[in-house]
1. Restricting attention to the range 235-250, which residues are assigned to a helix (DSSP H, G or I), under 18 Å from the mean Cα position of the chain (by Cα) and either farther than 25 Å from Ala72 by Cβ or modelled with pLDDT under 95 (or both)?
2. Give the residue that is surrounded by the fewest Cβ atoms within 10 Å (Cβ to Cβ), with candidates limited to residues of the range 216-230 that are in a helix (DSSP H, G or I) and of a type outside the set (Val, Ile, Thr).
3. Looking at the range 7-20, can you tell me whether even one residue there is more than 19 Å from Ala250 (Cα to Cα), part of a helix (DSSP H, G or I) and basic (Lys, Arg)?
4. Name the single residue, out of those in the range 55-78 being among the charged types (D, E, K, R) and more than 15 Å from the chain's Cα centre (by Cα), that is least open to solvent (accessible area, probe 1.4 Å).
5. Among the numbered criteria (1) under 19 Å from Leu232 (Cα atoms); (2) in a helix (DSSP H, G or I), which single criterion is violated by Arg147?
6. Restricting attention to the range 162-181, which residues are without any contact (Cβ under 8 Å) to a residue 60 or more places away in the chain, within 22 Å of Glu32 (Cα to Cα) and either open to solvent by 10 Å² or more (accessible area, probe 1.4 Å) or not in a helix (DSSP H, G or I) (or both)?
7. For the subset of the range 4-30 comprising residues that are free of Cβ contacts under 8 Å to residues at least 40 places away in the same chain and under 14 Å from Cys231 (Cβ atoms), which member is most open to solvent (accessible area, probe 1.4 Å)?
8. Which ones in the range 79-101 are within 19 Å of Thr145 (Cα to Cα) and either basic (Lys, Arg) or surrounded by fewer than 18 Cβ atoms within 10 Å (Cβ to Cβ) (or both)?
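The values are calculated or read from the model by the stated rules, or taken from the named source; none is laboratory data. Note that the structure is predicted; figures quoted are calculated from it, not measured. Methodologically, a virtual Cβ is constructed for each residue, glycine included, from the backbone with ideal geometry; neighbour enumeration extends over all protein chains shown. These area figures cover heavy atoms from the full protein model, side chains too; ligands, DNA and RNA do not enter into them. Shrake-Rupley method; radii C 1.70, N 1.55, O 1.52, S 1.80 Å.
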Amino acid sequence: MIQLGVNSVLFKEFDLKTAAEHIALCGYDGIELAAIKGMCEHLELDRWKEQAGELKEISDQTGLSFLSMEVAALDEDRLRLAFEAGAELGIPVINVGPGGQSDNEDDLQNAIEKLAKMSEEAVGYGVSLCVKAHVGASIYNTPTTLRAMEAVTSTGFGVDMDPSHIFRAGEAPEEALKQVVSRVKHVHIRDCKAGNQGPGPIEEQTCGCGDINLAGYCKTLVDGGYSGPMCLEVIGAQGHSLAQVSIIAAASYGYLNACLKALGAR
């Protein structure tokens, strides 16, 4: 069964306990801990051991599992800390972006080499390192994702398939997914309006409020046998109230839960 979660970056202006309480109220199974330097660090990797007790308490009190962690950057030192924290806290997936620039072969090869090295290290900690195609980065569409999949053979490697980036790359995510679903270990999900250069306002990222065929995307996932985490990742919340970000989370849960229940995946 697919587990639904929320990346805590949506609640970046609130403490993690508050975020977790409201994510649980929305009906989610778990949470993705944001450890994104310069954006949102609900999990501070440099002091994760100090936070560990509090994090476990939050999980116990809310009933939320730690489904994943987003580190974002392919920084080897931070990833080793992330692997340690993941092993201790029971976080199975560590998510990163590829970095680099699109259509730069050197950047692509550099990303692939780092992913190969670090995913092999991840195996020793019992976690998986997942990368997603990211607009403007070295891995940014299905062809570059397939290059990484072919080159990185470690069992500790996986694809984090985010339909919004594939959509903005000019592809139909529900069709693109068929080519990579065999290696997908995590899904970041949000909606997006056609023609947007960025993800758009948080209201347009609410699942069901944009132009991505997310229902078709969910069907492809289920047809492909996927049973890992699916975490809402809405970015750009700034000056929004707790009610506003909670409504985004709740509306997205209702949409995704209905889609997945209809497919027998919830």
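1. Within the range 235-250, just Ala250 meets the criteria.
2. Filtering the range 216-230 for residues in a helix (DSSP H, G or I) gives 216-223.
Imposing the further condition that a residue be of a type outside the set (Val, Ile, Thr) reduces the set to 216-219, 221, 223.
Details: Gly216: 16, Tyr217: 23, Cys218: 27, Lys219: 18, Leu221: 27, Asp223: 12.
Only one residue tops the list, namely Asp223.
3. So the first thing to find is which residues in the range 7-20 are more than 19 Å from Ala250 (Cα to Cα), and the list is none.
No, there is no match, as no residue in the range 7-20 is more than 19 Å from Ala250 (Cα to Cα), part of a helix (DSSP H, G or I) and basic (Lys, Arg).
4. Kept after step one, since they are among the charged types (D, E, K, R), are these residues of the range 55-78: 56-57, 60, 70, 75-78.
So of that shortlist, the ones also more than 15 Å from the chain's Cα centre (by Cα) come out as 56-57, 60, 75-78.
Values: Lys56: 83, Glu57: 102, Asp60: 127, Asp75: 64, Glu76: 49, Asp77: 108, Arg78: 31 Å².
Residue satisfying both the conditions and the ranking: Arg78.
5. Of (1) under 19 Å from Leu232 (Cα atoms); (2) in a helix (DSSP H, G or I), only one is false for Arg147: (1).
6. Passing the criteria: only Val181.
7. Initially, the range 4-30 is screened for residues free of Cβ contacts under 8 Å to residues at least 40 places away in the same chain, giving 8, 15, 19, 29.
So of that shortlist, the ones also under 14 Å from Cys231 (Cβ atoms) come out as 8, 19, 29.
Values: Ser8: 0, Ala19: 0, Asp29: 46 Å².
Here the residue is Asp29.
8. Just the residues of the range 79-101 that are within 19 Å of Thr145 (Cα to Cα), to begin with: 93-101.
If the condition is that a residue be within 19 Å of Thr145 (Cα to Cα) and either basic (Lys, Arg) or surrounded by fewer than 18 Cβ atoms within 10 Å (Cβ to Cβ) (or both), then Gln101 is the only one that fits.
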